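The values are calculated or read from the model by the stated rules, or taken from the named source; none is laboratory data. Just so it is clear, the model here is predicted, and its values are computed rather than measured. No Cβ is skipped: glycine too gets one built from the backbone with ideal geometry, and neighbour counts run over all protein chains shown.
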Amino acid sequence: MGSVSLEGVSKSFGAIKVIHGADLDIQDGEFVVFVGPSGCGKSTLLRMIAGLESISHGSLRIGDRLVTDVEPGDRGISMVFQSYALYPHMDVTENLSFGLRMNGNKAADTSERVRGAASVLQLDSLLARLPKQLSGGQRQRVAIGRSIVRKPQVFLFDEPLSNLDAELRVQMRVEIARLHHELGATMIYVTHDQTEAMTLADRIVVLRAGHIEQVGTPLALYTDPDNQFVAGFIGSPRMNFLTGEARGHVDGRQAVVLSGQGDAVVEVALSQPLPSGTPVSLGLRPEHAQVGSPGPGTFTTTIDVVEYLGATSYLYSGTTTKEPLIVARQGVHTDRAGDQVVVGVPPDKAILFAADGTRLR
Amino acid sequence: MRQRTQTAYGFLSPYLLIFAIFWLWPIIHSFYLSFLSTRRQPWSFNPGMTWGRLTQDPAFYNALWNTLKILAIQVPVMLTLATLLAVLLNSTLLRARGLIRFAFFAPVVIGEAAYAAVFRLMFNDEFGIVNKTLEGIGLDAVSWFSNPTAAMSLIIIAVTWRWVGYNAIIILSGLQSIPQDVYEAATLDRVSPRQQFLYITLPLLKPVIVFCLVLSVIGSMQLFAEPYLITNLGGPGGATETLGLYLYKQAFLNLNFGYASAIAYTIAALAVSISILNLWLGRERS
Amino acid sequence: MKSRSRTVLLRSLALHAVIVPLALLWLLPIWMMIVFASMEDSAIFSAEVQLWPGDRFIENFHELQAELDFVRTIVVSVVVAVIYTAASVVLTSMAGWALARYRFHGRGLVVSIILGTMTLPYFVVVIPQFIMVARDFGLSNTWIALIVPPLFNSLGVLFMRQAFTMMPADLFDAARIDGVSEWQIFRHVALPLARPMLAALSIILFLHSWNNYLWPLLISNDRSMMTAPVALGSLFGLLDVSWGGVMVGSVLLTAPMLVVFIFMQRFFMAGITAGAVK
């Protein structure tokens with residue numbers, strides 16, 4: 001029904017390729033989020049699914065229909081834009097019903113659908129207002145309402161919350177989650193906000209420079225990233241990458257010397273031994289770094305800056321070096337800039353990457 | 001954006017149809033005509049009667065000379081005036097802004113026939129208000145319609161009166177697009193208002209002024225209605241006969257379409273080359 | 001502070017000392033139009049300077065009307081300008097929409113044609129236009145001849161293209177997703193949003209047609225199909241003409257445009273500066 005499948009979908013503008021053969025299968029009713037740095041092609045890919053951008057190569061199916069060359073209006077999709085894209089000269093009712101009216105939908109059915117969407121989104125009292133008379137959150141709800149009245153198989157969202165202030169964003173996020181639950185429709189959602197991605201998604205698609213880097217559940221991406229890019233992109237503050245060199249391999253554990261951190265030695269689980277001297281990068285999330293007392297697998301560093309966030313503090317060190325380090329500390333502490341702390345690397349939390357960024361398992 | 005060639009041409013077709021019939025075909029046709037002798041039927045290929053004649057026709061040279069004179073005097077005077085006017089209108093010190101805008105911008109909406117009539121009366125040799133004012137302050141009356149130089153001045157005055165506001169509007173919009181904080185920063189850096197005008201305003205206005213210059217050059221090259229209506233078809237004795245007017249006479253009074261087409265292409269070539277020269281002078285430093 | 005406010009005052013005075021007399025000088029021809037239109041010819045051509053309107057406006061109007069049925073020519077001008085404006089707005093906004101909102105083969109060529117004709121003197125086309133319309137088609141003194149050939153207009157297309165380009169693209173994409181056809185998007189989304197720009201363009205086009213001189217001069221020589229400016233101009237060379245009457249004609253041609261200018265200055269300015277913005 002509302003499944004979406006991309007097969008070798010790519011796009012180029014002249015000689016410039018912006019999407020490189022994307023393969024992706026989205027299940028009916030699934031909530032999939034595209035994330036990636038700006039310019040990675042996530043919006044372009046969404047607009048290609050919508051039919052607003054043409055697909056240069058490959059094929060796109062929605063449900064069991066091949067829609068690669070089908071006009072946007074005939075794909076059974078709807079879309080919510082970052083700018084809301086409400087027609088400024090139409091009131092809320094007209095905005096909600098415009099598409100249906102233009103396509104000769106029966107007036108009774110149209111007003112029925114408008115009423116339905118309005119009540120789901122609590123827009124009933126706003127129906128006669130123009131977009132400029134609405135708050136940002138209300139506009140966003142109208143935009144969502146406009147996509148509901150189409151009764152699409154697939155909802156597309158292009159950074160729908162990034163024009164809202166922080167509080168409203170949380171509120172609307174919850175509302176979208178509720179809507180997904182109620183409608184049970186397939187939703188594809190583009191964002192650059194990790195929290196949105198982590199909280200909303202059944203699966204996250206991480207893109208970089210037009211390539212799909214990894215597809216997986218939020219937890220899988222967080223705990224088991226396929227490469228250094230995904231590891232660095234998912235999680236905030238971002239993962240620390242410590243330069244190291246492989247040493248001996250004993251009992252499925254690879255010894256790594258952290259050359260940037262006083263040659264501390266950490267033994268990380270690894271099935272394939274690495275030749276001694278192989279340069280590696282050791283990934284360690286700030287929340288996994290442990291402040292404690294000296295011992296094996298620990299090193300000492302000087303704090304440059306401390307950010308107190310209440311329950312958590314972030315300690316920054318090496319901020320001016322090639323190897324900055326962030327340590328998250330739970331609870332209330334009195335660390336100050338200039339203090340020396342001992343940082344421990346829990347071996348079962350650290351992961352290793354090869355010099356080219358691929359994950360070493 | 002998807003490529004939608006068919007849809008696009010659907011929207012463009014009525015416009016392009018008009019273009020093809022009333023512009024594209026005439027452009028080609030008049031080029032062809034410029035090689036035909038059209039003095040008598042049947043028309044025959046004879047560039048000597050058109051392009052050949054052009055090189056040795058004193059009346060053509062007179063019209064060309066007159067046009068270039070207007071171009072050389074009227075355009076710089078008008079654009080300088082328009083720039084000053086725009087700067088004054090943009091000044092926060094100005095009061096009665098509405099009246100002053102009206103005074104300079106109103107001529108823009110007045111048609112050639114209407115203003116030609118009033119200029120004829122105001123500059124009447126014997127009874128006009130201009131000459132009577134000149135006499136009143138102890139100067140000699142000027143024979144605006146019988147003295148060649150005076151007649152040329154009259155055309156220049158009339159055209160300037162009509163078009164200065166038009167150019168000032170364009171320059172004013174250019175001025176208003178200069179961000180105010182540039183001036184605030186300059187003031188804090190102790191740059192005087194005069195220096196601000198010379199080193200900030202003028203350079204930033206350059207593209208707009210060049211645009212006005214190109215428009216004015218093209219306009220002057222086509223000057224027709226003023227000498228036709230004010231100085232009675234380019235009088236006295238051809239002293240205000242412009243290229244446009246000469247072309248009109250050849251084409252529509254003598255019905256010598258071939259020769260007139262050659263004049264038309266000469267005007268076009270001049271206009272295009274002067275415009276390109278202007279654009280080249282005003283090009284952005286890269 | 002005190003010295004600063006004094007310099008400001010002095011500069012303000014100097015500014016007004018220059019610009020106010022100049023403005024009055026610029027207003028003089030318009031004022032004199034009214035003065036002449038309301039005086040007898042003997043007063044226009046008298047030794048005394050007359051600066052105040054007289055009371056002969058109606059009489060002068062009757063003289064003008066007797067000379068060339070001026071009301072009829074005004075009607076011709078209005079009909080021509082109204083139809084021209086409506087047709088040109090439709091053509092140029094459709095073309096502007098296509099150039100602003102579609103990617104298509106030949107787009108660059110169409111744009112360069114439009115920019116190119118802007119710098120091309122009208123004289124290059126007017127002769128064959130005349131031969132075609134007057135001689136080949138025999139359409140002299142017809143509505144079609146007065147209205148259709150001037151319809152090609154590059155400024156209008158550039159203006160509307162600019163207007164549509166500045167609208168957020170998402171609006172049109174949202175409509176496409178809703179299954180709205182391209183024509184409906186143009187008609188029901190783009191055009192209503194362009195209303196201020198359409199008003200500005202209409203004013204400019206109307207003015208353009210109202211004041212157009214050369215083409216109507218060539219194509220209509222029959223009194224019944226003359227536009228008002230051409231009819232008025234035809235009186236200038238005559239020996240025995242009522243100049244008071246001519247000035248009434250000037251006033252009647254000018255006054256409506258001045259009123260439009262005063263009340264719609266904003267649109268007017270937008271129309272004029274349109275060409276300057278790329």
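Within this structure, B:A168 passes the test of being small (G, A, S) and surrounded by 23 or more Cβ atoms within 10 Å (Cβ to Cβ). Every test in (1) within 31 Å of the chain's Cα centre (by Cα); (2) over 26 Å from A:D193 (Cα atoms) is passed by A:L121 save one, and that test is (2).
Conditions (1) surrounded by 20 or more Cβ atoms within 10 Å (Cβ to Cβ); (2) within 30 Å of B:L255 (Cβ to Cβ), marked per residue:
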position: C:D136; (1), (2): no, yes
position: C:Q184; (1), (2): no, no
position: C:A200; (1), (2): yes, no
position: C:F206; (1), (2): yes, no
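The set of residues in segment B:1-13 being in a helix (DSSP H, G or I), surrounded by fewer than 16 Cβ atoms within 10 Å (Cβ to Cβ) and at the interface with chain C (Cβ under 7 Å from one of its Cβ atoms) consists of B:T5 alone.
Checking each residue in segment A:319-350 for being touching a residue at least 24 places away in the same chain (Cβ under 8 Å) and of a type in the set (G, A, S) picks out A:A328, A:A337, A:G338, A:G344, A:A350. Considered as a group, the residues in segment C:125-173 that are outside any helix (DSSP H, G or I) and within 11 Å of another protein chain (Cβ to nearest Cβ) include one that is farthest from B:P14 (Cα to Cα), and that residue is C:P168. Cβ-Cβ contacts under 6 Å between residues 6 or more apart (or on different chains), taken from a first residue in segment A:79-91 that is more than 7 Å from chain C (Cβ to nearest Cβ) to a second residue that is part of a loop (DSSP other than H, G, I, E, B) and among the hydrophobic types (A, V, I, L, M, F, W, C), are listed as A:D91/A:A128; A:D91/A:L130.
Please state which one of B:L54, B:L81, B:L33, B:L64 is closer than 23 Å to B:Q222 by Cβ, aliphatic (A, V, I, L, M) and in contact with a Pro (Cβ under 8 Å, 6 or more places away or on another chain).
Only one candidate passes the filter, namely B:L33.
What number of residues within segment A:219-235 are without any contact (Cβ under 8 Å) to a residue 12 or more places away in the chain and either buried (at least 20 other Cβ atoms within 10 Å of the Cβ) or within 25 Å of A:S3 (Cβ to Cβ) (or both)? Residues in segment A:219-235 being without any contact (Cβ under 8 Å) to a residue 12 or more places away in the chain and either buried (at least 20 other Cβ atoms within 10 Å of the Cβ) or within 25 Å of A:S3 (Cβ to Cβ) (or both): 2 in total. Just one of the listed residues (C:A95, C:A47, C:A81) is touching a residue at least 12 places away in the same chain (Cβ under 8 Å) and facing chain B (nearest Cβ under 9 Å), and it is C:A95. No other residue among C:I203, C:I177 is closer than 30 Å to C:R101 by Cβ and touching a strand residue (DSSP E or B) at 6+ places or on another chain (Cβ under 9 Å) apart from C:I177. In segment C:140-185, of all residues being among the aromatic types (F, W, Y) and touching a Phe, Trp or Tyr at 6+ places or on another chain (Cβ under 8 Å), the one that is modelled with the highest pLDDT corresponds to C:F164. Of the residues making up segment B:72-119, those that are assigned to a helix (DSSP H, G or I), charged (D, E, K, R) and either more than 7 Å from chain C (Cβ to nearest Cβ) or surrounded by fewer than 20 Cβ atoms within 10 Å (Cβ to Cβ) (or both) number 2. Whether any residue in segment C:68-75 is assigned to a helix (DSSP H, G or I), hydroxyl-bearing (S, T, Y) and within 30 Å of C:D222 (Cα to Cα) is what I want to check. Within segment C:68-75, one or more residues are assigned to a helix (DSSP H, G or I), hydroxyl-bearing (S, T, Y) and within 30 Å of C:D222 (Cα to Cα).
Of all the residues in segment B:33-69, those that are within 14 Å of chain C (Cβ to nearest Cβ), assigned to a helix (DSSP H, G or I) and free of Cβ contacts under 8 Å to residues at least 24 places away in the same chain number 0. Of all residues in segment A:7-22, those that are without any contact (Cβ under 8 Å) to a residue 40 or more places away in the chain have Cβ atoms under 9 Å from Cβ atoms of residues that are among the charged types (D, E, K, R), 6 or more apart or on another chain, in A:G21/A:E7. Does C:S42 fit the bill of being without any contact (Cβ under 8 Å) to a residue 40 or more places away in the chain and either in a helix (DSSP H, G or I) or within 12 Å of chain B (Cβ to nearest Cβ) (or both)? It is true that C:S42 is without any contact (Cβ under 8 Å) to a residue 40 or more places away in the chain and either in a helix (DSSP H, G or I) or within 12 Å of chain B (Cβ to nearest Cβ) (or both).
Scanning segment A:1-38 for residues that are outside any strand (DSSP E or B) and of a type in the set (S, T, Y) gives A:S3, A:S38. Considering (1) in contact with an Asp or Glu (Cβ under 8 Å, 6 or more places away or on another chain); (2) more than 22 Å from A:F31 (Cβ to Cβ), the lone condition that A:L52 does not fulfil carries the number (2). Of the residues making up segment B:120-135, those that are more than 8 Å from chain C (Cβ to nearest Cβ) and either assigned to a loop (DSSP other than H, G, I, E, B) or not acidic (D, E) (or both) are B:F123, B:D125, B:G128, B:V130, B:N131, B:L134. Suppose we filter C:I19, C:I58 for residues that are free of Cβ contacts under 8 Å to residues at least 60 places away in the same chain, of a type in the set (V, I, T), part of a helix (DSSP H, G or I) and more than 8 Å from every other protein chain (Cβ to nearest Cβ); which single one remains? One residue alone meets the criteria, C:I58.
The helices (runs of 4 or more DSSP H) found wholly in segment B:180-286 and carrying at least 2 residues that are under 30 Å from B:W144 (Cα atoms) and not polar (S, T, N, Q) occupy B:202-221, B:225-229, B:243-248, B:257-281. Consider C:I44 carefully, then state whether it is modelled with pLDDT under 90 and farther than 30 Å from B:V87 by Cα. So C:I44 fits the description; yes.
Residue selection: A:A231 fails the criterion of being under 26 Å from A:I49 (Cα atoms) and assigned to a helix (DSSP H, G or I).
To keep it simple, each residue is scored yes or no on (1) over 25 Å from C:S77 (Cβ atoms); (2) away from chain B (no Cβ under 11 Å); (3) in contact with a helix residue (DSSP H, G or I) (Cβ under 8 Å, 6 or more places away or on another chain).
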{"residue": "C:F186", "(1), (2), (3)": "yes, no, yes"}
{"residue": "C:A190", "(1), (2), (3)": "yes, no, yes"}
{"residue": "C:P196", "(1), (2), (3)": "yes, yes, yes"}
{"residue": "C:S202", "(1), (2), (3)": "no, yes, yes"}
{"residue": "C:L207", "(1), (2), (3)": "no, no, yes"}
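So, C:V180, is that one assigned by TED's automatic domain parsing to the domain that holds C:I74, part of a helix (DSSP H, G or I), surrounded by 22 or more Cβ atoms within 10 Å (Cβ to Cβ) and among the β-branched types (V, I, T) or not?
no
Any residue at all in segment C:103-112 that is assigned to a loop (DSSP other than H, G, I, E, B), modelled with pLDDT under 95 and within 7 Å of chain B (Cβ to nearest Cβ)? Yes, there is a match, as at least one residue in segment C:103-112 is assigned to a loop (DSSP other than H, G, I, E, B), modelled with pLDDT under 95 and within 7 Å of chain B (Cβ to nearest Cβ). Note on segment A:39-68: among residues that are of a type in the set (D, E, K, R) and assigned to a loop (DSSP other than H, G, I, E, B), the one that is farthest from the chain's Cα centre (by Cα) is A:D64.
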